1. Starting from the alpha-carbon convex hull of region 195-256, give the projected area averaged over all orientations, in nm².
2. If we count every other residue with Cβ under 14 angstrom of PHE253's Cβ, Lys/Arg +1 and Asp/Glu -1, where does the sum land?
3. Each residue of region 184-196 in turn: what ³J(HN,Hα) in whole Hz from Karplus with 6.51, -1.76, 1.60 and θ = phi - 60°, glycine and Pro shown as x?
4. Per DSSP H run of at least 4 residues, take -39500 (n - 2.57); add these up for the chain, divide by its residues and hand me the 222 nm value, nearest 500 deg cm²/dmol.
5. Taking 1 over the mean of 1/r across every pair of different Cα atoms in region 1-87, what Kirkwood radius in Å do you get?
6. List the residues whose amide H sits under 5 Å from the amide H of GLY175, counting only those 5 or more places along or on another chain, with H placed 1.01 Å from N in the peptide plane.
7. Treating the beta-carbon of each Lys and Arg as +1 and of each Asp and Glu as -1, no other charges, what is the dipole magnitude of the chain about its Cα centre, to the nearest 20 debye?
8. Quick check on the chain: what are the equivalent-ellipsoid semi-axes from the Cα gyration tensor, as sqrt(5λ), descending, whole Å?
Amino acid sequence: MGDLERLLAILQEVRHRATRIVYVLAPIFAFLITFQLRPISVRLPYLAWRLPLAYPYPNFFDNVTAQVFRALVAWTLPSNVTLLNVGVGDSVIVQMEIAFLLTLILGMPWLVHEVGAFLVPALRTNERKLIRQIGLPATVLFAIGTVLGLLFLTPFTFRLLFLYVVAMGLQPAVGIQQFATFALLYSLAFGVVFELPVFVYSLTRLGVVRASAWRQHWRGAVIACLVFGMIVTPDNSPFTMTLIALPMMGLYFSGAYFATRWERGRALDQGPEPPRAAAGA
C-alpha cells in the first residue's frame, strides 16, 4: 500500500468515526434545546417516601438548557446581582453554549470510545495498557475538578469580585453571555487542571520524561501554571488566575510524586544491573 492509499484509508476511518460520533451527539443536542424536564414524584410500594423523577415535555423556549441556566444563576451568582440581556440574541447564544457543553459531557463515554477505537491499532502494548489504567482516574479527576469549580470556586469568585463592585458604589450587573461564559469556562478549566497529575504520570510511564526532571524544573512549572491560569480565566484578572494556578501547582507536585514512586518501583522490580565484564577478560 502506497503513501496515498494509506492516507486515504486513514481519512476514511476518520470520516467513519466522526459520523458515528455525530449520530450519537446530535440527538442529545436536539433533545436539550427542544424538551423541558418536568418534575414528578412516584410513590414506591411499601415505602413512606416518594421517588423524585422527571419526564420530558416539548418546549422550545423553556427547555433543559434554560433550566440549567436558572440553576446555575441560583447557585453561583449573588442575589443582589442583576442579569442583563445586552445583545438581542444573547439568550439564544447562551442556550446553545450550555447545550453544546452538556452534549459533550453526556456523550463523553461514546466520544472516548470512538477516539480510542481509532488510536488503538497504532499504539504499542504498553501504551494500550497505560490507557486502560488511567482512563478511569482521568475521568474521575476531571469530574471532581469540574464539580468543585462549579459548586465552590465559581460562586466564591463571583461573590468576591462583586464585593469590589459594591465597594465602588456601582450597581452589580452582568450580561448573561458574560456570566455563562465565565461560569462554564472557569469550571471546565478547573476540571482540566485536575488532569495534570495523570499527564505527568503518563509521560513518565511512557519514558518520555524522567521523574527527576519534574522535580528539577519545578520553577518553570510554577511559571507555566501562572501562564495557564492567565490564559484560561475569562476575565484575565490576577485573582482568578491565582485561584487556578495554586491548585494546579499542588497537582503538579502530586503527579511528580506518583511518577517518582512508579519509577523507583520499576527499578526495584528490574533489580540491579549485572556487573560488566572486565576489559580484556
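Nothing in this text is a laboratory measurement; each read-out follows from the coordinates by a stated rule. Just so it is clear, the structure is predicted and the values come from calculations on it, not from any experiment. Methodologically, a virtual Cβ is constructed for each residue, glycine included, from the backbone with ideal geometry; neighbour enumeration extends over all protein chains shown.
1. 4.0 nm²
2. Every neighbour counted, the sum reads +3.
3. Whole-Hz 3J(HN,Hα) from phi for region 184-196: 6, 5, 5, 5, 5, 4, 5, x, 5, 4, 5, 7, 4.
4. Calculated from helices alone, the mean residue ellipticity at 222 nm is -23500 deg cm²/dmol.
5. Mean inverse Cα-Cα distance, inverted, gives 17.6 Å.
6. Under 5 Å from the amide H of GLY175: LEU84.
7. That gives a dipole near 800 debye.
8. 42, 28, 20
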